1. Only one of these is free of Cβ contacts under 8 Å to residues at least 40 places away in the same chain and buried (at least 18 other Cβ atoms within 10 Å of the Cβ): 239, 244, 181. Name it.
2. If you take the residues of the stretch 113-122 that are of a type outside the set (Gly, Ala, Ser) and in a helix (DSSP H, G or I), which of them is least open to solvent (accessible area, probe 1.4 Å)?
3. Collect the residues in the stretch 248-260 that are of a type in the set (A, V, I, L, M, F, W, C) and open to solvent by 20 Å² or more (accessible area, probe 1.4 Å), keeping them in residue-number order.
4. Examine the stretch 336-354 for a residue that is in a helix (DSSP H, G or I), over 30 Å from residue 109 (Cα atoms) and open to solvent by less than 70 Å² (accessible area, probe 1.4 Å), and state whether such a residue exists.
5. Out of (1) out of contact with any Gly (no Cβ under 7 Å at 6 or more places or on another chain); (2) open to solvent by less than 10 Å² (accessible area, probe 1.4 Å), what's the single condition that is false for residue 230?
6. Only one of 355, 315 is under 24 Å from residue 267 (Cβ atoms), touching a Leu at 6+ places or on another chain (Cβ under 9 Å) and at pLDDT 95 or above. Can you tell me which?
7. Identify the residue in the stretch 60-89 that is at pLDDT below 90 and among the small types (Gly, Ala, Ser) and, among all such residues, is farthest from residue 203 (Cα to Cα).
8. For the stretch 355-369, indicate whether the set of residues that are in a loop (DSSP other than H, G, I, E, B), in contact (Cβ under 8 Å) with a residue 40 or more places away in the chain and either of a type in the set (D, E, K, R) or in contact with a strand residue (DSSP E or B) (Cβ under 9 Å, 6 or more places away or on another chain) (or both) is non-empty.
Amino acid sequence: MFENNHLKDPRQSLELLLEEATLMGAKRLIRYPNRKFFGYFCSYFPEELILAAGLEPLRLLPDSENPTPVELPAYCCSLARGTLDMEVREKWSDLVGIGFTHTCDTMQCLSGIWAACGNSITVDIVPPVMLNAPGASSYYHAELGSLLNELTALTKHEIQNEALRAALVLCANTRKLVTELDELRFNLPSPLIFSLLRAGQLMPRPEYALALENCLPLLKDMAKETHNKANVLVSSAVLENNSLFEMIEELGGRVVADDTCTGYRHYSGVTVSGSENLLLDIVQRYTNMPPCPCKNRSLNERISYLTALAKQRHAQGAIIIVRKYCEPHAWDAVTLSESFRRCGIRTLTLELEGANVGGQERTRLQAFLESLLEGPGL
């Protein structure tokens with residue numbers, strides 16, 4: 001039982017985080033028996049409101065990329081298929097509810113299918129697509145107000161302003177700690193970084209913040225050694241395991257920047273504090289975080305942000321991952337790749353069924369990373 005075992009030893013804290021990343025929430029009832037968990041899919045679903053409702057946010061990740069439940073066609077992404085299969089197998093039966101964010105067509109449809117054939121109560125939020133369009137902020141604010149009411153009805157407990165403010169403080173502190181971790185990428189193994197980032201989406205947030213704070217001095221000591229690997233940026237949607245990062249590291253690469261739903265993008269952006277309207281503070285944070293292919297503030301902002309990030313982190317190359325049947329990322333990949341190449345950043349695009357990489361990907365990754373180590377060029 002881990003609920004009251006606030007680890008003080010840095011190595012124990014690090015081990016806890018790595019275990020949680022591997023378990024992906026599978027032992028949540030054993031480790032945290034007195035907590036109630038609320039599942040969600042997307043980084044645009046506000047964790048602050050879940051925490052304020054007295055619940056623990058749990059990012060839903062598939063335990064397999066192969067199953068295709070009869071309720072879904074085979075041409076849906078493995079994230080949708082795998083998680084719905086787990087719902088049918090009652091892997092989420094203990095969850096108080098499950099939150100859906102309307103982003104891609106698949107997720108919008110999955111919400112309705114889940115509500116019809118699943119066992120869990122579903123809650124939806126529909127953020128604006130154009131985040132800074134006229135009226136977008138007020139609309140987003142109204143959506144959060146509706147979500148707050150739904151969570152209140154779900155928990156049968158009125159959410160107090162003090163609880164919401166405490167949730168904002170916790171999330172802001174966690175994002176600050178993660179930013180310190182992100183700055184250590186150059187000299188720490190990529191699988192280690194991504195495990196630590198994933199753990200923060202799968203375990204109770206107070207325990208995560210405490211454990212990460214405890215082990216940061218150890219990680220900073222570990223990061224004192226330099227490396228001579230090829231620096232790369234990775235862009236992707238959800239990556240539920242370290243298969244890709246382990247292969248990149250093994251073949252001589254180092255991920256110095258990431259733009260992934262389960263990586264640093266989930267934590268990026270700061271929450272404005274001190275306002276009397278806490279929901280508006282949350283709106284501003286989610287509006288200002290680096291956009292994914294499903295959200296935008298201007299036509300070329302995402303491309304400009306990522307090319308600038310690649311240059312800032314001295315990335316020699318960019319690896320764009322497109323999960324099979326993920327249309328938003330597939331549409332985004334072409335223009336993003338062209339933009340990287342125009343800036344002199346070599347680019348490799350890989351399509352993956354799930355998060356696992358195999359022999360074909362290894363061959364392409366090896367050739368790509370070797371070309372980066374050989375010298376500049378397009």
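1. On the way: 239 fails: free of Cβ contacts under 8 Å to residues at least 40 places away in the same chain; 244 fails: free of Cβ contacts under 8 Å to residues at least 40 places away in the same chain.
Just a single option satisfies the conditions, and that option is 181.
2. From the stretch 113-122, those of a type outside the set (Gly, Ala, Ser) are 113-114, 117, 119, 121-122; that's our starting set.
Those left that are additionally in a helix (DSSP H, G or I): 113-114, 117.
Values: 113: 50, 114: 0, 117: 50 Å².
Going through the qualifying residues, I end up with 114.
3. The first filter runs over the stretch 248-260 and keeps only residues of a type in the set (A, V, I, L, M, F, W, C), leaving 248, 251, 255-257.
251 - this is the single residue of the stretch 248-260 that is of a type in the set (A, V, I, L, M, F, W, C) and open to solvent by 20 Å² or more (accessible area, probe 1.4 Å).
4. Keep residues of the stretch 336-354 that are in a helix (DSSP H, G or I), which gives 336-342.
Then drop every residue that is not over 30 Å from residue 109 (Cα atoms), which leaves 338-342.
Keeping just the survivors that are open to solvent by less than 70 Å² (accessible area, probe 1.4 Å) gives 339-340.
Yes, there is a match, as at least one residue in the stretch 336-354 is in a helix (DSSP H, G or I), over 30 Å from residue 109 (Cα atoms) and open to solvent by less than 70 Å² (accessible area, probe 1.4 Å).
5. Residue 230 satisfies all of (1) out of contact with any Gly (no Cβ under 7 Å at 6 or more places or on another chain); (2) open to solvent by less than 10 Å² (accessible area, probe 1.4 Å) except (1).
6. Values: 355 fails: at pLDDT 95 or above.
It is 315.
7. Taking the candidates together, the pick is 74.
8. Looking only at the stretch 355-369, we keep the residues that are in a loop (DSSP other than H, G, I, E, B), and these are 355-358.
Okay, now just the ones that are also in contact (Cβ under 8 Å) with a residue 40 or more places away in the chain, so 355-357.
This time we only want the ones that are either of a type in the set (D, E, K, R) or in contact with a strand residue (DSSP E or B) (Cβ under 9 Å, 6 or more places away or on another chain) (or both), so: 355, 357.
Looking for residues that are in a loop (DSSP other than H, G, I, E, B), in contact (Cβ under 8 Å) with a residue 40 or more places away in the chain and either of a type in the set (D, E, K, R) or in contact with a strand residue (DSSP E or B) (Cβ under 9 Å, 6 or more places away or on another chain) (or both), one finds at least one in the stretch 355-369, hence yes.
The values are calculated or read from the model by the stated rules, or taken from the named source; none is laboratory data. Bear in mind the structure is a predicted one, so any value in this text is a computation, not a measurement. As a convention, Cβ positions derive from the backbone with ideal geometry for all residues, glycine included, and neighbour counts pool all protein chains shown. Just so you know, the surface numbers come from the protein's heavy atoms only, side chains and all, with ligands and any DNA or RNA stripped out. Shrake-Rupley method; radii C 1.70, N 1.55, O 1.52, S 1.80 Å.
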